[in-house]
Amino acid sequence: MPDKIIPVALRLWLLFLFTFLLLGYEVVPSIVFGAIGGFAGGTVNAWWQTPGGEPQETEAQGTLIDPLRKWGDRFKSSGQIGNRLPFLKLFTRRDKRLSRSRRP
């Protein structure tokens, strides 16, 4: 992976360095910001070029996800989220008589 990141990161670092210098930044911030931008751009470029697809779910992943799903379903079914987050009541309708249909 570093062989994909470093060449692009060096080119982008120089591009960012000269751009910041042309914009009037001093030398040290231009070097630092250019290095950060170059590393970020090199990482994104390497990620973009790396072949892959949707990860296959393995047995180890399923054992971690299942208890979390059960825990989340328990909160959804019992309605405890509304009690734990009282600010959600600010977005509910207060006048209950207008919530019905007006048709006979």
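We did not get these values from a lab; they are worked out from the coordinates using the rules stated. None of these values were measured; they are calculated from a predicted model. Glycine gets a Cβ as well: all are built from the backbone with ideal geometry, and neighbour counts include every protein chain shown.
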Does the stretch 1-57 hold any residues that are surrounded by 12 or more Cβ atoms within 10 Å (Cβ to Cβ) and of a type in the set (F, W, Y), and which are they?
-> W13, F16, F18, F20, Y25, F33, F39, W47
For the stretch 19-52, name all the residues that are of a type in the set (A, V, I, L, M, F, W, C), within 21 Å of I5 (Cα to Cα) and over 23 Å from the mean Cα position of the chain (by Cα).
-> I31, V32
